[in-house]
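These notes are about the structure you will find just below.
The values are calculated or read from the model by the stated rules, or taken from the named source; none is laboratory data. This is a predicted model, so every value here is computed, not measured. Neighbour counts are summed over all protein chains in view; Cβ atoms, including those assigned to glycine, are modelled from backbone coordinates with ideal geometry.
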C-alpha cells in the first residue's frame, strides 16, 4: 500500500529528529526559544502604550561632519589630562607572571579585569597588585561603587561582589552577549531574551522594566544615573530613554547614525527535483550589527564600524564623528565627566575631550568613568583623576 504524503513526512521528520544529538542545556535552550517566539508574536500586535504616548521621536540633528584619515588624528598624552598627584600604578602582570587585562572602570575608580584563564581581579584608586575575587568570568564585567559584576563561563547567572560583603546572585538568566551597566548605584542588564532588568545595588531585588505593551522595549545599551537607554532594533527601530525608578519612557529618538535595525530574510521554499516536496519558507533574522554606546548627563556616545560619534543630549545634535579607526571585537567604549574614550582592542585608543572639543589618538588601552582616566603605559596601567 502506498504511503500517504503525511506518513512519509512524519517518517522523514522522525528520522531527522533522531539524528540530532541532545545536549545538557537542551531544555533550557528550548524554553528560551519559546519565550523569544512569544515576545516576537506580541511585537506584531499593533498597540500604543499609555506610558509611551507622550514620547516623541526626535531625530539626530543634521551635520556636515565627514570621515577622514585616521592618521590625521593627533596623538595625545593621557598623562597631561590628569592630576599627577593622584596617579597610581596597577601592574599589567601579576606576581605569578600571568598578564592582567582591564575589563571595566567604575566612576569611583574601581577597576575590574581578568587573566587569560578567566580569573577575575579587582583594584581601586589606591593602585597596587589587583585582588583576586576567586571567580571566573566569561562576560558581564562591570565596576562601580566598590562592586564588580560578572557572568561565569557556561552560566547565565549574573553575580555581584562588593568589598567586605558576601557575594550576591542578581539573576540566573542574564545574557552574556550584552553589557552589564553600572552607574550611581544602579545596575542594569539584559536577560537571555534581551529584556532589560535593573537593581539598586548588589543586594537589591531585581526588577524587569515594563514594556508598556510595546512587545519589544529594547535592550539596554547605556546607563546614566536613573536614565537607561534601550535600543529597539526590531520593531519600532528607536532609541528609548527610560526612567529606571518608575519605568516610564521619557523620550524616543531615531536610531543613531550608522546603527542598522535588525533585518529579516526568507529561507527555503524551492524544490527542483520532480516530485520533491519544497521545504517550508522560514523567516529568520539577519546577523545583528556590533555597536556600543555610553552616556553622561550631557553626552550620548556610540561606536559602530570603527567610528566614534558623540551627540549633545540637550539638542540631540551630533557634534563629533571621528575618522574610521580599525577596531577589534574586544573594543570598549566608555564615557565620563570630561572624556569619551574608545579603546579599539588593536593597541590604540581614541579620546574625545568634551572640555576642549579635541579628538586625539594614543597607543594602548584607555578607559574613563566619572572623573577618572585609566590608560596602559608600558608594562602597567596608570589611574588618575582628571584635572
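Name the strands (runs of 3 or more DSSP E) wholly inside region 155-206 in which the number of residues that are modelled with pLDDT of 95 or more and closer than 15 Å to residue 138 by Cα is 2 or more.
158-162
Could you tell me whether any residue of region 359-374 is part of a strand (DSSP E or B), at pLDDT below 95, more than 11 Å from residue 78 (Cα to Cα) and in contact with a strand residue (DSSP E or B) (Cβ under 8 Å, 6 or more places away or on another chain)?
yes
Need a quick list: strands (runs of 3 or more DSSP E) entirely within region 308-355 having at least 2 residues that are under 19 Å from residue 101 (Cβ atoms).
Strands (runs of 3 or more DSSP E) meeting the threshold: 332-335, 339-343, 348-353.
Given the criterion surrounded by 15 or more Cβ atoms within 10 Å (Cβ to Cβ), modelled with pLDDT under 95, in contact with a helix residue (DSSP H, G or I) (Cβ under 7 Å, 6 or more places away or on another chain) and assigned to a loop (DSSP other than H, G, I, E, B), identify the matching residue among 235, 211. Don't jump to the end; show me each part of the working.
Values: 211 fails: in contact with a helix residue (DSSP H, G or I) (Cβ under 7 Å, 6 or more places away or on another chain).
Testing whether each residue is surrounded by 15 or more Cβ atoms within 10 Å (Cβ to Cβ), modelled with pLDDT under 95, in contact with a helix residue (DSSP H, G or I) (Cβ under 7 Å, 6 or more places away or on another chain) and assigned to a loop (DSSP other than H, G, I, E, B) leaves just 235.
Results for (1) surrounded by fewer than 17 Cβ atoms within 10 Å (Cβ to Cβ); (2) within 22 Å of residue 297 (Cα to Cα); (3) in contact with a helix residue (DSSP H, G or I) (Cβ under 9 Å, 6 or more places away or on another chain); (4) free of Cβ contacts under 8 Å to residues at least 40 places away in the same chain, shown as yes or no for each residue.
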| position | (1), (2), (3), (4) |
| --- | --- |
| 159 | no, no, no, yes |
| 163 | yes, no, no, no |
| 167 | yes, no, no, yes |
| 176 | no, no, no, yes |
| 179 | no, yes, no, no |
| 186 | no, yes, no, no |
| 196 | no, yes, no, no |
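Just one of 317, 309, 290, 321 is farther than 18 Å from residue 107 by Cβ, touching a strand residue (DSSP E or B) at 6+ places or on another chain (Cβ under 6 Å) and surrounded by fewer than 15 Cβ atoms within 10 Å (Cβ to Cβ); which is it?
After ruling out the rest, the residue left standing is 317.
Sort out which residues of region 151-208 are closer than 17 Å to residue 246 by Cβ and more than 16 Å from the chain's Cα centre (by Cα), and write them in order of number.
Matches in region 151-208: 184, 185, 199, 200, 204, 205, 206, 207, 208.
With the requirement that a residue be touching a strand residue (DSSP E or B) at 6+ places or on another chain (Cβ under 7 Å) and part of a loop (DSSP other than H, G, I, E, B), what does region 129-147 give you?
129, 130, 137, 138, 146
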